[in-house]
1. Viscosity 0.692 mPa s, temperature 37 °C: what is the translational diffusion coefficient of the chain from Stokes-Einstein with a Kirkwood Rh over Cα pairs, rounded to a whole number of µm²/s?
2. With just the Cα atoms of segment 1-50, tell me how far they stretch along each of the three principal axes, in Å, largest first.
3. Fewest first, what order do Ile34, Ile107 take by the number of other Cβ atoms within 10 Å?
4. Counting other beta carbons within 10 Å of each residue's own, what order do Asp13, Asp26 fall into, fewest first?
5. What chymotrypsin sites (Phe, Trp or Tyr not before Pro) does segment 66-138 have in DSSP loop regions with at most 15 other beta carbons within 10 Å?
6. Within segment 1-65, list the trypsin sites (Lys or Arg not before Pro) lying in a DSSP loop whose Cβ has at most 12 other Cβ atoms in a 10 Å radius.
7. Only Cα pairs under 8 Å and at least 6 apart count here; give the relative contact order of the chain as a rounded whole percent.
8. Which value, in debye to the nearest 20, gives the size of the charge dipole of the chain about its Cα centre, when Lys and Arg are +1 and Asp and Glu are -1 at the Cβ?
Amino acid sequence: MSTTTVAPLTATDAENLVHAARRAADAAGVPVSITVLDAGGHLLAFRRDERAVLISGETSTAKARTALQLNAPTADLVDLVKPDGPFHSLPTALDTPLLFIGGGVPIHRDGRLVGALGLGGGAPEQDDAFARTALQAL
C-alpha cells in the first residue's frame, strides 16, 4: 500500500487563489466574495469586495463547502438537484446548507482533494469561470 504524502493547502495558497479570483472578477467588472476552505472544511481565506452584495459572502462559502463535500464543481451538480434528479432532497437534508449553482470548485493536488474555492456575487456562469481561472494560480 502506497502512503504518498500530499502537501495540504496553505494560507499562502489560499491568498494566491483569492488574488487570482479577484483579478478575474475585476477584469470583468464583477464585485464578488471569495472563500477558500481546506480539506477539513475550515476557512483559510475570505474576501468580499465592498461593492459585492452582502449575501455573496454566504453563497461563496456554501459553494465552496458543496464543492468540497461532493468533490465536484458546483456547476456540474445543478441537474442532480432538480425535482427529477437523484440528489433532489440533498440541499435541505443537512444541517449545513449546500448550494448547487456555479461558482464552487474542489482543489486537488497530485490527484488528492486538498480544499475548495467558492465565489459569489456574479451570475453563476461568471462565478464558475472566475473560480476555474483562479485554480490555475496553483
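1. Result for D is 223 µm²/s.
2. Computed over segment 1-50, the largest-to-smallest principal extents equal 49, 19, 15 Å.
3. Working: Ile34 33, Ile107 25.
Ordered from fewest to most neighbouring Cβ atoms within 10 Å, Ile34, Ile107 come out as Ile107, Ile34.
4. Arranged by neighbour count, lowest to highest, Asp13, Asp26 become Asp26, Asp13.
5. Answer by residue number: Phe87.
6. Here the sparse-neighbourhood loop sites are Arg51.
7. 30
8. The calculation lands at about 180 debye.
All of the numbers you see were taken from the coordinates with simple rules; none came from a lab. What you see is a predicted model, and the numbers here were worked out from it, not measured in a lab. No Cβ is skipped: glycine too gets one built from the backbone with ideal geometry, and neighbour counts run over all protein chains shown.
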